[in-house]
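Chemist: Okay, handing you the structure first.
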Amino acid sequence: MTAPEIPVFRGSFTQQEPISETAIEQAVAVMRTGRLHRYNVAEGETSQTNLLETEFAESLGMSYCLACASGGYALHVALKALGIQPGQKVLTNAFTLSPVPGAIHNAGGSPVLVETTESLVLDLVDLERKILASGAKVLMLSHMRGHLVDMDALMQVLSDHDVALVEDCAHTMGASWNGKASGTYGIVSCFSTQTYKHINSGEGGLLVSNDEALMARATLMSGSYMLYANHDAAPDESFFDSHKYETPNYSGRMDNLRAAILRPQLSALSENVDRWNKRYRVLENALAGVNNLHVPPRPDKELFVGSSLQFLVEDLDNSDAQTFVDTCAQHGVSIKWFGAPEPHGYTSRFDSWHYLDAGDLPRSKQILSELFDIRIPLSISVSDYELIGNIIAASLRSVRHRT
Ligand SMILES: *Cc1c(COP(=O)(O)O)cnc(C)c1O
C-alpha cells in the first residue's frame with residue numbers, strides 16, 4: 001500500500017506580524033527626543049513607560065503595574081518582593097517553560113513541581129498533596145500554553161492552606177476565567193512581551209498587583225533609585241518610606257522605546273484575541289476525527305487566547321513521535337513534541353532541569369510523552385490553518401502506515 005500524498009505548506013511559524021505604522025511612529029518620536037530611559041523626561045512630560053503601566057493596569061482593573069526588562073525578570077522580582085527567603089519552597093507546574101523554575105531559583109527559592117492533568121492544567125489533587133508534604137506557602141502558577149485551571153477551585157485550595165498565589169500569565173494576556181481576567185487572581189502577576197507572546201517588544205515584562213508594600217519593593221528592586229515618585233501606576237510615596245533603605249536595586253527596567261511600541265498593541269489586543277481564536281478553531285476542526293488524536297476541550301468558563309494549540313496522540317512510541325514531527329516539518333509544518341528526551345529549541349521537560357529536584361512525576365511524564373504543540377501566528381491566514389491541520393493528520397497517518 002502506498003502512503004497517501006501529504007500536501008505541503010509554505011509559510012513560517014516563527015514570523016510575527018510587523019509592528020504597526022502607528023507603533024513605529026511612536027517609537028521614532030521617542031528616538032527623536034533621545035529620551036529613551038524611563039526617568040529621562042522633559043518638564044511636564046509623562047514617559048511612554050509610565051503611560052504603558054497606567055494603561056495596562058487599567059485594562060485589568062488592577063491598581064498598580066511595573067514594566068520590566070523581561071517576563072522572567074518580572075517573575076523573579078515578584079517572588080523577591082513577596083519576601084521569598086533562601087531555600088524557601090515554591091510550588092509550580094511541572095509542565096511549564098524553563099524561565100519559570102529559573103525565576104524561582106533566581107529568587108533563591110526551591111521549586112516543588114506539581115503534576116499536570118490531561119487538560120494540561122495544574123493537578124489540584126497533587127497540589128494539595130504537595131502543599132501538605134512540603135509546607136510551601138507560595139504557588140507560582142504558570143498558565144502554560146494558555147490553559148486556565150478551574151480558578152475558583154484553585155483559589156479554594158489555596159485559601160484552605162493559606163498559600164499565596166503568583167500568576168505567570170505569559171500565555172494568558174487577554175484571557176479570563178469566569179469573566180475575571182487572568183492576572184487578577186494572584187497577589188502579584190507577571191506578563192511577558194517577548195516576541196512570541198501576545199504583544200511584542202522583543203523582550204519585556206509587566207508585573208501587576210494591588211498590594212502597596214509589595215509594589216513599593218518591586219519598584220525599588222526593578223531599579224527605580226529614589227525616582228519612584230515618577231511612577232503613576234504605583235502606590236503613594238509614603239509606602240516607599242519604610243522600604244527604600246532595605247530594598248536592593250536589581251536593575252531591570254523597561255525603556256520608553258519598547259513601551260512606545262507596546263501601547264498601540266495593547267489597544268489592539270482584544271481584536272487580536274478574536275483573530276487567534278478564529279485560527280485556533282479552524283485548526284481544531286481540521287484535527288477533529290483524526291484517530292487517537294485528541295485536542296483537550298476548553299471549558300465554558302475559560303476565555304482563552306488561541307495563540308498555540310496542543311494535542312495528544314496516544315499510540316506513538318518515541319521513534320514514531322519523532323518521525324511524526326519530522327514528517328510534518330518536511331511538509332512545512334513546525335510542531336513540537338514535549339515528550340522528547342533531550343531539550344530542543346525553546347522546549348525542555350522538567351527532568352532536564354538538573355539544578356532542581358523534580359521528584360517523581362509519573363502523570364506529567366506520561367502526558368508529556370503524548371503531547372504535541374503548534375504555534376498559531378497571526379501572520380498565517382485563517383484558511384491556511386485548514387491546510388496545516390490536514391498536513392498534521394496526513395503525516396500522522398503516514399507514520400502509522402509505516403509501522
Ligand atoms: C516566555 C515565558 C516566560 C518568560 O518570559 P520572558 O519575557 O521570555 O522572560 C515565562 N513563562 C512562560 C510560560 C513563558 O512562555
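Chemist: Could you size up the charge dipole of the chain around its Cα centre, putting +1 on the beta carbon of Lys and Arg and -1 on that of Asp and Glu, and report it in debye to the nearest 20?
Modeler: Charge dipole of the chain: 680 debye, to the nearest 20.
Chemist: Still on this structure, please answer the following. Taking the chain as a Gaussian network, Cα atoms linked when under 10 Å apart, which of SER182, SER238, SER334 shows the biggest mean-square fluctuation?
Modeler: Of the options given, SER238 has the highest mean-square fluctuation.
Chemist: Over all alpha-carbon pairs in segment 1-150, figure out the percentage whose distance exceeds 19 Å.
Modeler: Within segment 1-150, distances greater than 19 Å cover 70 percent of Cα pairs.
Chemist: Could you work out the longest stretch of the chain that avoids the GluC sites (Glu not before Pro) located in DSSP loops with at most 15 other Cβ atoms within 10 Å?
Modeler: So the longest stretch without any such site is 119-236.
Chemist: I would also like to ask the following. On a C-alpha basis, how far is the centre of segment 8-41 from the centre of segment 287-326 in Å? Whole number, if you could?
Modeler: Each part's Cα centre sits 33 Å from the other's.
Chemist: Once you list every other residue whose beta carbon is under 12 Å from the beta carbon of GLY345, what net charge do they have if Lys and Arg are +1 and Asp and Glu are -1?
Modeler: With Lys, Arg at +1 and Asp, Glu at -1, the neighbours total 0.
Chemist: Further question on the same structure: Going through segment 301-357, which trypsin sites (Lys or Arg not before Pro) have at most 16 other Cβ atoms within 10 Å and a DSSP loop state?
Modeler: Qualifying residues, ordered by number: LYS301.
Chemist: Identify, among GLY34, THR49, PRO86, the residue whose Cα sits farthest towards the positive end of the charge dipole of segment 15-100, taking +1 on the Cβ of Lys and Arg and -1 on the Cβ of Asp and Glu, with the dipole about the Cα centre.
Modeler: Going by the Cα projections, it comes out as PRO86.
Chemist: Tell me the angle of helix 151-160 to the major Cα principal axis of the chain, expressed in degrees between 0 and 90 and rounded to the nearest ten.
Modeler: So the helix axis and the longest Cα principal axis differ by about 60 degrees.
Chemist: What is the sum of charges, Lys and Arg at +1 and Asp and Glu at -1, for the other residues whose Cβ falls under 11 Å from the Cβ of PHE9?
Modeler: -1
Chemist: Beyond 34 Å, how much of the Cα-Cα pair distribution for the chain remains, as a whole percent?
Modeler: Result: 31 percent of Cα pairs exceed 34 Å.
Chemist: Considering Cα pairs under 8 angstrom that are at least six residues apart, work out the relative contact order of segment 269-402 and quote it in whole percent.
Modeler: Computed value for segment 269-402: 36 percent relative contact order.
Chemist: Counting pairs of alpha carbon atoms under 8 Å apart in space and at least six apart in sequence, what relative contact order in percent does the chain give?
Modeler: 23
Chemist: Right, here's the next one. Report ³J(HN,Hα) in whole Hz for each residue of segment 378-391, in order, from the Karplus equation J = 6.51 cos²θ - 1.76 cosθ + 1.60 where θ = phi - 60°; Gly and Pro get x.
Modeler: Taking θ as phi minus 60°, the curve returns 5, 5, 9, 6, 4, 5, 5, 5, 5, 4, 4, x, 5, 5 Hz for segment 378-391.
Chemist: Among TYR225, TYR73, which comes first, then next, by fewest other beta-carbon atoms within 10 Å?
Modeler: TYR225, TYR73
Chemist: While we're here: For HIS171, HIS105, which order do you get if you count the other beta carbons within 10 Å of each Cβ and list the fewest first?
Modeler: If I rank by nearby Cβ atoms, fewest first, I get HIS105, HIS171.
Chemist: At most 15 other Cβ atoms within 10 Å and a DSSP loop assignment: could you name the trypsin sites (Lys or Arg not before Pro) in segment 1-83 that fit?
Modeler: Here the sparse-neighbourhood loop sites are ARG10.
Chemist: Taking the Kirkwood radius as the inverse of the mean 1/r across Cα pairs, report the Rg/Rh of segment 262-340.
Modeler: Using Cα coordinates only, the ratio equals 1.05.
Chemist: How much of the DSSP beta bridge set in segment 269-402 is antiparallel, as a percent to the nearest 5?
Modeler: Roughly 100 percent of the DSSP beta bridges within segment 269-402 come out antiparallel.
Chemist: Give me log10 I(q)/I(0) at q = 0.16 Å⁻¹ for segment 273-403, Debye formula, one equal scatterer per alpha-carbon, no solvent.
Modeler: These q points yield log10 I(q)/I(0) values of -0.85.
Chemist: Of all DSSP beta bridges in the chain, what percent run antiparallel (nearest 5)?
Modeler: Here the share of antiparallel DSSP bridges comes out near 65 percent.
The numbers here are math on the coordinates, done by the rules we state, and not lab data. Computed from a predicted structure; not experimentally measured. So basically every Cβ, Gly included, is an ideal-geometry build from the backbone, and we count neighbours across all protein chains shown.
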